[in-house]
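The values are calculated or read from the model by the stated rules, or taken from the named source; none is laboratory data. Quick caveat, the model's predicted, so the values are computed rather than measured. When we count neighbours, we look across all protein chains shown, and the Cβ atoms used for this are built from the backbone with ideal geometry, even at glycine.
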Amino acid sequence: MTANTSSELHKTVLKAVMHTPVVDMHTHLFAPAFGDMLLRGIDELLTYHYLIAEVMRVAPITADAFYAMSKRAQADLIWRELFIERSPVSEACRGVLTVLTRLGLDTASRNLDEFRGFFDALDARDHVDLAFRTANLKAAVMTNDPFDDVERGVWLRGFDPDDRFLPALRIDPLLNDWPRTCEKLSGWGYKVETTLNQPTLAAIRKFLAEWLDRTKALYMAVSLPPNFAFPEESPRAEIIEDCVLPVALEYGVPFAMMMGVKRGVNPALRLASDGVGLADVDSVVRLCGSFPKNKFMVTMLARENQHELAVVTRKFANLLLFGCWWFLNNPSLIDEITRTRIELLGLSFVPQHSDARVLDHVIYKWDHSRRIIADVLADKYADLLEADWAIDEHEIQRDAQRLLETNFRDFLAR
């Protein structure tokens, strides 16, 4: 079939994008074997940190009083203030409604207890099956922190893996808080000192190699503040250059940098306290250029970084640009950024990841993002039709698969 009209073309593109299973390359989800670390259900959806920050702007309650409440009471407050007393027009509120609707629940009833009953009836494995099937998700990459005591214990004890949950090694404490991490590594028997001498660097490399072996992580990742620069006179830069990049090269895994997060802008909000700042794109240039055999994956948090980052990505085949991260996960921004990237990069990037912290997030985040990606693609194909370039349905399906799975898989295998 060849799509010849704009309406026919859009229907074909939307079908291809919605029906293509996705590999979600960055989430905060966990396999059921990790127990309560897998967040799921309506109360977790309602107490997501996006909604906590939103409700604290309008609710007659202090942050301390809010966090002293039970999870259920917090969810009741957010439901009342953001869904009942006000129309739920924010993207985070809309996302909750999309989840409920896609799961067949009647949002018009506004019956929170009814919604709770639905989720309470699901055990973890059935819930995963339902969420993945509804989101048309093939696999989700976890964020695995070897410095988290609870998670570390799960890995050390061992568990039966679920092939839908893929590991990624998160190393924020190692890079962003070396003195405290040094104490932790020393307590685990690694011969490290605060001074980054050669034995200490060797011990860090040993630690990274052991955890890559243990987890079979697809990549190593870190979130970085706006003031991160490379090179810089800091333990972080030295560990990146002398430990992370050599081990990543040895194991053939990318180093993923998520750049531009300001931690603790309002500490009273706890997990909801973080903000956004401009990242240094030139640091990406220096890393990709100085270490051409390494693979880098980069996303940035500030809208103002997106054009420059897309231009830089054109210059380095060892760089994969991915996702509309965190505060960029809003329809107006996803549309703008995806259009910019396609116009500069063609199909050689990953347009989205869910960054899901709650299992059910994958339902709404992929539903919303897929529709925007399809709109952008349809417009670009329409431009080709105007140039008498016929678009075949097979080619549309191929392109959708590249964006939603193959580009990431191929970059890992490169």
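Just for the range 66-89: of the residues that are of a type in the set (S, T, N, Q) and loosely packed, with under 15 Cβ neighbours inside 10 Å, which one is nearest to residue 354 (Cα to Cα)?
87
Mind listing whichever residues of the range 381-408 are surrounded by fewer than 16 Cβ atoms within 10 Å (Cβ to Cβ), in a helix (DSSP H, G or I) and touching a residue at least 24 places away in the same chain (Cβ under 8 Å)?
If the condition is that a residue be surrounded by fewer than 16 Cβ atoms within 10 Å (Cβ to Cβ), in a helix (DSSP H, G or I) and touching a residue at least 24 places away in the same chain (Cβ under 8 Å), then 393 is the only one that fits.
Looking at the range 265-316, which of the residues that are touching a residue at least 40 places away in the same chain (Cβ under 8 Å) and among the basic types (Lys, Arg) is surrounded by the most Cβ atoms within 10 Å (Cβ to Cβ)?
Filtering first and then ranking leaves 295.
Would you confirm whether or not the range 57-76 contains a residue that is modelled with pLDDT of 95 or more, under 25 Å from residue 111 (Cβ atoms) and among the basic types (Lys, Arg)?
Within the range 57-76 (the criterion being modelled with pLDDT of 95 or more, under 25 Å from residue 111 (Cβ atoms) and among the basic types (Lys, Arg)), the answer is yes, since at least one residue qualifies.
Of the conditions (1) surrounded by fewer than 17 Cβ atoms within 10 Å (Cβ to Cβ); (2) over 29 Å from residue 256 (Cα atoms); (3) modelled with pLDDT of 95 or more, residue 378 satisfies every one except a single condition; which number is it?
All conditions pass for residue 378, except number (1).
Select from the range 360-369 the residues that are charged (D, E, K, R), buried (at least 23 other Cβ atoms within 10 Å of the Cβ) and part of a helix (DSSP H, G or I) and list them in ascending order.
365
Condition first: acidic (Asp, Glu), within 30 Å of residue 405 (Cα to Cα), modelled with pLDDT of 95 or more and not in a loop (DSSP other than H, G, I, E, B). Can you find one or more residues in the range 104-118 that meet it?
No: zero hits.
Please go through the range 40-76 and give me each residue that is assigned to a loop (DSSP other than H, G, I, E, B), touching a residue at least 12 places away in the same chain (Cβ under 8 Å) and under 26 Å from the mean Cα position of the chain (by Cα), ordered by number.
Matches in the range 40-76: 40, 41, 47, 48, 56.
So which pairs qualify, if the first residue must be in the range 15-39 and within 23 Å of residue 412 (Cβ to Cβ), the second must be polar (S, T, N, Q) and part of a strand (DSSP E or B), the Cβ gap must be under 9 Å, and the two must be at least 6 apart or on different chains?
Pairs found: 26/299; 30/144.
Tell me, please, whether a residue that is modelled with pLDDT of 95 or more, touching a strand residue (DSSP E or B) at 6+ places or on another chain (Cβ under 8 Å) and surrounded by fewer than 17 Cβ atoms within 10 Å (Cβ to Cβ) can be found in the range 126-138.
Checking the range 126-138: at least one residue is modelled with pLDDT of 95 or more, touching a strand residue (DSSP E or B) at 6+ places or on another chain (Cβ under 8 Å) and surrounded by fewer than 17 Cβ atoms within 10 Å (Cβ to Cβ).
Restricting the search to the range 45-80, which residues are among the aromatic types (Phe, Trp, Tyr) and either within 19 Å of residue 100 (Cα to Cα) or in contact with a Cys (Cβ under 9 Å, 6 or more places away or on another chain) (or both)?
Once the filter is applied, which keeps residues that are among the aromatic types (Phe, Trp, Tyr) and either within 19 Å of residue 100 (Cα to Cα) or in contact with a Cys (Cβ under 9 Å, 6 or more places away or on another chain) (or both), the range 45-80 yields 48, 50, 79.
Within the range 103-125, track down each residue that is buried (at least 17 other Cβ atoms within 10 Å of the Cβ) and of a type outside the set (A, V, I, L, M).
115, 119
Which members of the range 119-156 meet the condition of being over 24 Å from residue 95 (Cβ atoms) and assigned to a strand (DSSP E or B)?
Matches in the range 119-156: 144 only.
For the range 140-154, how many residues are buried (at least 20 other Cβ atoms within 10 Å of the Cβ) and over 21 Å from residue 180 (Cα atoms)?
Within the range 140-154, residues that are buried (at least 20 other Cβ atoms within 10 Å of the Cβ) and over 21 Å from residue 180 (Cα atoms) number 3.
Could we say that residue 257 is out of contact with any Gly (no Cβ under 7 Å at 6 or more places or on another chain) and either modelled with pLDDT of 95 or more or at positive phi (or both) here?
Criteria met by residue 257.
Just for the range 195-231: of the residues that are surrounded by 13 or more Cβ atoms within 10 Å (Cβ to Cβ) and of a type in the set (Val, Ile, Thr), which one is nearest to the chain's Cα centre (by Cα)?
Here the answer is 222.
Any residue in the range 164-174 that is in contact (Cβ under 8 Å) with a residue 60 or more places away in the chain, assigned to a helix (DSSP H, G or I) and of a type outside the set (D, E, K, R)?
Yes, the range 164-174 has at least one match.
Would a scan of the range 340-354 turn up a residue that is β-branched (Val, Ile, Thr) and within 18 Å of the chain's Cα centre (by Cα)?
yes
Within the range 342-357, does at least one residue satisfy the condition of being part of a helix (DSSP H, G or I) and crowded, with 22+ Cβ neighbours inside 10 Å?
Looking for residues that are part of a helix (DSSP H, G or I) and crowded, with 22+ Cβ neighbours inside 10 Å, one finds none in the range 342-357, hence no.
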